[in-house]
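Peer 1: This is the structure, below, for whatever I ask next.
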Amino acid sequence: MRDSILSRYLDPDVLSRVAGRHIEPRGLVVGNLAGSHKSPLSGFAVEFAGHREYVRGDDPKHIDWRLYFKRDKYFIKQYEMETNFVCHLVLDVSASMRYGEGAQQKLQYAAQLATTLGHAVVRQSDRVSLTTFDEALGGSVPPGNSMAQIVRLTELLDSVKPVRKTRMAECLVEFAGRIGRREIVMIFSDFFTDLEALEKSLQRMRYNHHEVVLFQVLHHDELAFDFKGPVKFVGLEVPEALQTQPEDLKRAYLAAVRRFTDRVDEICRNNRVERVAIDTSRDLAELLIDYLNHRSRLNRGR
């Protein structure tokens, strides 16, 4: 049963293609165990706390060579007061995320993306959590860094029923009040919401020194509007329908979408929030490789 749930959200081919790529925090982090991320804390004694298996990209200076000669495997020394980070995955499960079918459904694509990123986080012994929301905060999995954590994430995802509207800004403000400071918050949504209220909630997170990433997940239909008429459009979050010739609407619709995505982009730039624009027709592994390579380049340039 668990294997079948895992397979809905983790693709072995995608995992193999992104293997070895790390998720590093952009700024200073606060945690209690890791060994590879910069901390804003100074003047504290550090104590040896344990080992974790070496993964490609770790600094070789942390390798325990004595343990290597005993076990013929590389292990990294970990110390208290060196830091790990917490990565919070925050997933919109409102009705608008239900659009699309199969792997290109917005919610399914976002869930697979979030799970794969979560898998990468725990592989490097950092901690990941998951919280869902629509009109209110929903299910949650508190931070953990074991592979069993990924099972817990997928079990929560598999219980989701996207049928309600969203109150995104209110949910994000409440969520921000539940977490610490200097953590990573990754939000997965189409962001069909009040953008001015959204900006205020993002400002709250940035005030607490969180690194915030918006993964804006849109279906190709929403970006290209390649419908041939006549077509009946039915609202997912409002009980309304419109029968029309889509060719008559296409130019105005695409202009409205451009204004909307440009505004989301502007909010992110103004608040030092990263936005990742996603078309669900894109190969997930390619998207992840591009995103993780981009993060790596930015970190090298710090």
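Peer 1: Where the centre of each part is set by its Cα atoms, how far does the stretch 231-293 sit from the stretch 86-127, in angstrom?
Peer 2: 17
Peer 1: Follow-up question, since we're still on this one. Which of Ala256, Ala277, His219 sits closest to the plus end of the dipole of the stretch 188-302, meaning its Cα is farthest towards the positive end, when Lys and Arg get +1 and Asp and Glu get -1 on the C-beta?
Peer 2: Ala277
Peer 1: May I pose another question? Just to be sure I understand: with springs between alpha-carbon atoms less than 10 Å apart, which residue in Asp11, Asp283, Asp158 has the highest mean-square fluctuation in the Gaussian network model of the chain?
Peer 2: Maximum fluctuation in the GNM of the chain, among the listed residues, is at Asp283.
Peer 1: Can you show me the helix-derived [θ] at 222 nm for the chain, built from DSSP H runs with n ≥ 4 at -39,500 (n - 2.57) apiece and divided by the number of residues, rounded to the nearest 500. Can you show the working numbers first?
Peer 2: Details: 10 runs with 121 residues, N = 302.
Result for the chain, helices only: -12500 deg cm²/dmol.
Peer 1: Mind checking the dipole of the chain: about its Cα centre, +1 per Lys or Arg Cβ, -1 per Asp or Glu Cβ, Debye to the nearest 20? Could the numbers behind the result be given before it?
Peer 2: On the way: 44 positive and 42 negative charges, 188 e Å.
It comes to approximately 900 debye.
Peer 1: Hey, got the Cα dimensions of the stretch 128-251 along the principal axes, in Å, largest first?
Peer 2: If we take the Cα atoms of the stretch 128-251, the spans are 50, 32, 24 Å.
Peer 1: I've got another one for you. On C-alpha positions alone, give me the angle between the axis of helix 284-300 and the longest principal axis of the chain, in degrees, nearest 10.
Peer 2: Between helix and principal axis, roughly 50 degrees.
Peer 1: Compute, for the stretch 156-271, the length of the dipole vector about the Cα centre, with Cβ point charges of +1 (Lys, Arg) and -1 (Asp, Glu) only. Units Debye, rounded to 20.
Peer 2: Values: 18 positive and 19 negative charges, 57 e Å.
The calculation lands at about 280 debye.
Peer 1: Using Cα springs under 10 Å in a Gaussian network model of the chain, which residue among Thr280, Thr261, Thr166 shows the largest mean-square fluctuation?
Peer 2: Comparing Thr280, Thr261, Thr166 in the GNM, the peak value goes to Thr261.
Peer 1: Picking from Arg167, Arg152, Arg269, which is most flexible by a Gaussian network model of the chain using Cα springs under 10 Å?
Peer 2: Arg269
Peer 1: Moving on to the next point. So if I place +1 on the C-beta of Lys and Arg and -1 on the C-beta of Asp and Glu, and nothing else carries charge, what would the dipole magnitude of the stretch 122-212 be about its Cα centre? I want it in debye, nearest 20.
Peer 2: Working: 13 positive and 13 negative charges, 58 e Å.
Here the stretch 122-212 has a charge dipole of around 280 debye.
Peer 1: With axes computed from alpha carbons, what is the tilt in degrees of helix 106-123 against the longest principal axis of the chain, rounded to the nearest 10 within 0 to 90?
Peer 2: Here the helix axis deviates by roughly 10 degrees.
Peer 1: Among the listed pairs Lys106/Lys161; Lys161/Lys232; Lys161/Lys200; Lys228/Lys250; Lys200/Lys250, which are separated by more than 22 Å between their Cα atoms? Let's see the in-between values first.
Peer 2: Values: Lys106/Lys161 13 Å; Lys161/Lys232 24 Å; Lys161/Lys200 28 Å; Lys228/Lys250 10 Å; Lys200/Lys250 32 Å.
Distance filter (> 22 Å) returns Lys161/Lys232; Lys161/Lys200; Lys200/Lys250.
Peer 1: For semi-axes √(5λ) of the Cα gyration tensor in Å, pick the label among (1) 64, 28, 18; (2) 29, 21, 20; (3) 38, 21, 17 that corresponds to the value derived from the coordinates.
Peer 2: For semi-axes √(5λ) of the Cα gyration tensor in Å, the calculated option is (3).
Peer 1: Right, next: Hey, with R₀ at 35 Å, roughly what FRET efficiency would Asp262 and Val151 work out to, going by the Cβ-Cβ distance, to 0.05? Before the final figure, lay out each step's value.
Peer 2: Working: r = 40 Å, r/R0 = 1.13.
Calculated value: 0.35.
Rule-based calculations on the coordinates, nothing more; no lab input. Owing to the predicted nature of the structure, the values given are computational and were not obtained by experimental measurement. Methodologically, a virtual Cβ is constructed for each residue, glycine included, from the backbone with ideal geometry; neighbour enumeration extends over all protein chains shown.
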